[in-house]
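Visitor: The structure's right below; bear with me while I get my questions together.
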Amino acid sequence: MGELSGLTSNEAAARRERYGPNALPAPRHRLLRLVWRQFQGIFNLLLLAAAAVTFALGEPVDAAFILLFVLLGTSLNVFQDYKANAAADALKSYLVRTTTVVRDGREHEIATGDVVPGDLLKLETGDIVPADAVLRQASQLLVDETTFTGESLAVPKAVLVGPAADAGDEHRLLQGVVIGRGNALAEVVAIGTATRLAALASTATGVQARSELTLGLERISGFILRTTLLTLLFVVLANVLIEGEGADVPGLLVFAIALAVSVIPEALPLVLTFSLSRGALTFARRQVIVKRLSSVHDLGSVTLICTDKTGTITENRLVYVDDYRVDGAPLHPLVLARLAAHHLDQRSPEPFDRATDEALSPAQRDEVAGFTVVEEEAFDPALRSNGVVVRRRDGRQLHIRRGSPEYFFSHGWADRGAVQGWLAGQERQGRRVLGVSHDDGSGMRFGGFVSFVDRLKSTTIETVADAKRLNVAITIITGDSAVVAEAVGREAGLVAAADEVVEAAAFLALPAPALQERIGKVRVFARTTPEQKLALIQLLRQQYTVGYLGEGINDAPALKAAHVSMVVQSAADVARETADIVLLQSDLRVIVDGIRLGRETFANTLKYIRATLVSNFGNFYAVAIGSLFISFLPMLPKQLLLLNLFSDFPMMAIAFDRVSSREVASPQRYDFRSLYVTFITLGLVSTAFDFIYFALFYRVSPQALQTNWFIGSVLTELLLVFSIRSFLPITRAGWPAPILLFLSGVAFVLTLALPLIPWSAAFFEFQRPATGDLAIVIGLALAYLGVTELVKRPLARYLGTAWPVVDAPDE
């Protein structure tokens, strides 16, 4: 490669053939992967198996009902996830479409995919580097590496004069970083899958943390499967032993399969989908894209939010707050700092430059307007300073230098002892300080300091308080200094003591027992590298359910390790591909509101699980045991499945039920002990009433028992939903959602109507119930409601919990 000629066209073509396109691997078969994800848990597979066996035993209508539930739930999940992923893809912005290269000694605008190793990139302010490169020439260059480091301040880079193999980090421009100021020529050293970005993408494709929702459903499914199979095995064998050679084994098998299907809460996928979709739509109205629908639920289980401070807790915008003036200085230090600002007309001016310009008063702006720039002195990374020569209207020149306090101490222009107290105070408040000096021809003199701060967002303090009310901790993981990070943490209300702030390297050097003891007590981790972020998340997830908000390319592994991963719209492609949730606005309040919403989703899902397991297992045990003592099936298979249909559709509306503040005050997890005790205890109440139906009607005729017990079972299950949605008395539980009332009313009318309509009664083999029998059935259903209300109160005290709804008064 010549000094400025770059590759020849033939060399570029040969290298394109050898190295391939400059592109990251795109996700393939996304739709198929989303469909496959729906069947990775046991629950949908259990429903499919039940449908297949039911169909094989000659009950196609019953099998179709089950498949309908599976199809609807799966389709809605896939549709929501696919739509959200498509929306996230539309946000991609870091890999620009074209770039300028030097080939054959001339500049060419080419697609970024056509960049090859050895190409000479011509980069200017605002350009995004399309491949890994080393710096060969530069003028006043500052680089924004936010996508890798998370820090918004641009950093300088050094020109490499030797071979590319000798390059260090100070010479490298990584794919995805932005040229914040200046221009450069850079030699491409890696493209496509060989870049640092691609390596991080590969790291992020490891095994993702399993969804809390998936784990909970698998445990519930496993319990249902084991309990059902053991009970059915006992029932079939007992019937065969009791009836001997006269046992109708094929009929028993059909009955057993129908009974097993009746236990499975087949509407659970739909209830979850409705609840999660409702949450996703609420998020969408707040400009949040939910890529993985189950993350709405998982967000409710989050007990710790990990985030950088910049842009989420603070505004990510420096503002002028204070100054240190020197007697005899011809100009205010803010004016001197503004005169040394460069390239304010660029689309992304350097943060300090923009802050000094925005802070000028009208009088100071007039002073600045009285100068013209004669010569700009580029930022010197070794001296940490830049300068400018300006001319007044009267022709007198002024040489200004601007830089870090150490620059002025090292030259002897500022007295460290005289200003140390002021500087220490600024540092304690998390402020950044610039010094200025001036020379009018009589020698350089110190001109004072100006300090800047990245203020808290207006919503931060309130959001932190809301998080505490939800029992959610917030931990800052930042690359900034401990002093600055502590100041932000204290102002936000996150930090109360100095030992809650620690540098990541020092913390991770502790022995393992000390790490486990202290990890939950630290609220700020400072000076954190990307590798340390991953190590910290892995430690934190041993004690917390972690939600991680990231942005940079190097955040991708930590995002993958977190239980719930979130990124902002401007995040790197790799981070955005990894995340479950994309925030179109970087606002911590949205995450805290999302946790509340996730807990509401969980609360309503748990209401459905409790109600359906109580009613299903109550009927299951009643039918299973009753079949041992009567010579006919107490309910036909098609009637069992119709019972499930009529009870499940109103139960699905519980996804839209009201939820109280007390229900969302603590992290939500599946408490299997409480769940098992609840449905066993209340299930026995249901079974006892089923036996009352048996005693009243089985001597009349098989159809009389089947019809009246069917009506009674539907009514009791509908009433159970209103009772068990809260463990408070039903009169204090508040009004349920209107749709729940409506669908329950529809189910009630249909339950009474089907046995009275000749064609439907014939199809389902019902007998027209007598008026007196209907009165008895309805009376028993109301008695069941009363007994359930009496039992659930001591049950709630035993379990040490209660599930009120939003209208319920606090006890």
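Visitor: Checking S301 against (1) open to solvent by 30 Å² or more (accessible area, probe 1.4 Å); (2) touching a Pro at 6+ places or on another chain (Cβ under 7 Å); (3) more than 26 Å from S139 (Cβ to Cβ), which single condition isn't satisfied?
Guide: (1)
Visitor: Go over the candidates V296, V335, V319 one by one and state the one that is open to solvent by less than 30 Å² (accessible area, probe 1.4 Å) and either of a type in the set (G, A, S) or closer than 25 Å to L583 by Cβ (or both).
Guide: One residue alone meets the criteria, V296.
Visitor: Same structure again: Can you tell me which of (1) among the small types (G, A, S); (2) more than 30 Å from the chain's Cα centre (by Cα); (3) under 22 Å from P736 (Cβ atoms) is the one S631 doesn't meet?
Guide: (3)
Visitor: I want to confirm something. Restricting to segment 192-205 and keeping residues that are touching a helix residue (DSSP H, G or I) at 6+ places or on another chain (Cβ under 6 Å) and open to solvent by less than 50 Å² (accessible area, probe 1.4 Å), which single residue is modelled with the lowest pLDDT? Spell out how you get there, then give the answer.
Guide: Of all residues in segment 192-205, those touching a helix residue (DSSP H, G or I) at 6+ places or on another chain (Cβ under 6 Å) come to 197, 200-201, 203-204.
If we keep only those that are open to solvent by less than 50 Å² (accessible area, probe 1.4 Å) too, we end up with 197, 200-201, 204.
On the way: L197: 71, L200: 64, A201: 58, A204: 48.
Result: A204.
Per-residue answers, yes or no, for (1) of a type in the set (V, I, T); (2) in contact (Cβ under 8 Å) with a residue 12 or more places away in the chain; (3) touching a Leu at 6+ places or on another chain (Cβ under 9 Å); (4) part of a helix (DSSP H, G or I):
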{"residue": "V582", "(1), (2), (3), (4)": "yes, yes, yes, no"}
{"residue": "S586", "(1), (2), (3), (4)": "no, yes, yes, no"}
{"residue": "R589", "(1), (2), (3), (4)": "no, yes, no, yes"}
{"residue": "G594", "(1), (2), (3), (4)": "no, yes, yes, yes"}
{"residue": "E600", "(1), (2), (3), (4)": "no, yes, no, yes"}
{"residue": "R610", "(1), (2), (3), (4)": "no, yes, yes, yes"}
{"residue": "S615", "(1), (2), (3), (4)": "no, yes, yes, yes"}
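Visitor: Additional query: Being closer than 30 Å to G594 by Cβ, part of a helix (DSSP H, G or I) and out of contact with any helix residue (DSSP H, G or I) (no Cβ under 7 Å at 6 or more places or on another chain) is the filter here, so list the residues in segment 410-466 that pass it.
Guide: Across segment 410-466, the qualifying residues are E462, A465.
Visitor: Same structure again: Mind checking which residues of segment 132-156 are modelled with pLDDT of 85 or more, of a type outside the set (A, V, I, L, M, F, W, C) and open to solvent by 30 Å² or more (accessible area, probe 1.4 Å)?
Guide: Passing the criteria: R136, Q137.
Visitor: Restricting the search to segment 573-592, which residues are out of contact with any Gly (no Cβ under 6 Å at 6 or more places or on another chain), open to solvent by 10 Å² or more (accessible area, probe 1.4 Å), modelled with pLDDT under 85 and not β-branched (V, I, T)?
Guide: D573, E577, L584, Q585, D587, listed by residue number.
Visitor: A further question on this structure: Which condition from (1) open to solvent by 30 Å² or more (accessible area, probe 1.4 Å); (2) at pLDDT below 85 is the one that A808 breaks?
Guide: Among (1) open to solvent by 30 Å² or more (accessible area, probe 1.4 Å); (2) at pLDDT below 85, the lone unmet condition for A808 is (1).
Visitor: What helices (runs of 4 or more DSSP H) lie completely within segment 224-343 and have 3 or more residues being at pLDDT 75 or above?
Guide: Per the criteria, 268-285, 294-299, 333-339.
Visitor: If you don't mind, there's one more thing I want to ask. Please specify each residue of segment 157-181 satisfying the condition of being modelled with pLDDT of 80 or more, open to solvent by 10 Å² or more (accessible area, probe 1.4 Å) and part of a strand (DSSP E or B).
Guide: Scanning segment 157-181 gives R172, V178.
Visitor: Mind listing whichever residues of segment 452-464 are open to solvent by 40 Å² or more (accessible area, probe 1.4 Å) and in contact (Cβ under 8 Å) with a residue 12 or more places away in the chain?
Guide: We begin by selecting, within segment 452-464, every residue open to solvent by 40 Å² or more (accessible area, probe 1.4 Å); these are 455, 458, 461-462.
If the condition is that a residue be open to solvent by 40 Å² or more (accessible area, probe 1.4 Å) and in contact (Cβ under 8 Å) with a residue 12 or more places away in the chain, then R455, I461, E462 are the ones that fit.
Visitor: While we're on this one: Just give me the residues in segment 374-409 being open to solvent by less than 60 Å² (accessible area, probe 1.4 Å), free of Cβ contacts under 8 Å to residues at least 40 places away in the same chain and in contact with a helix residue (DSSP H, G or I) (Cβ under 6 Å, 6 or more places away or on another chain), in sequence order.
Guide: S385, F409 - these are the residues of segment 374-409 that are open to solvent by less than 60 Å² (accessible area, probe 1.4 Å), free of Cβ contacts under 8 Å to residues at least 40 places away in the same chain and in contact with a helix residue (DSSP H, G or I) (Cβ under 6 Å, 6 or more places away or on another chain).
The values are calculated or read from the model by the stated rules, or taken from the named source; none is laboratory data. Computed from a prediction, not measured in an experiment: that's the story for all the values here. For neighbour counting, all protein chains shown are included, and Cβ atoms are generated from backbone atoms with ideal geometry for every residue, glycine included. Note: accessible area is taken over every heavy atom of the protein model, side chains too, but ligands, DNA and RNA are not part of it. Shrake-Rupley method; radii C 1.70, N 1.55, O 1.52, S 1.80 Å.
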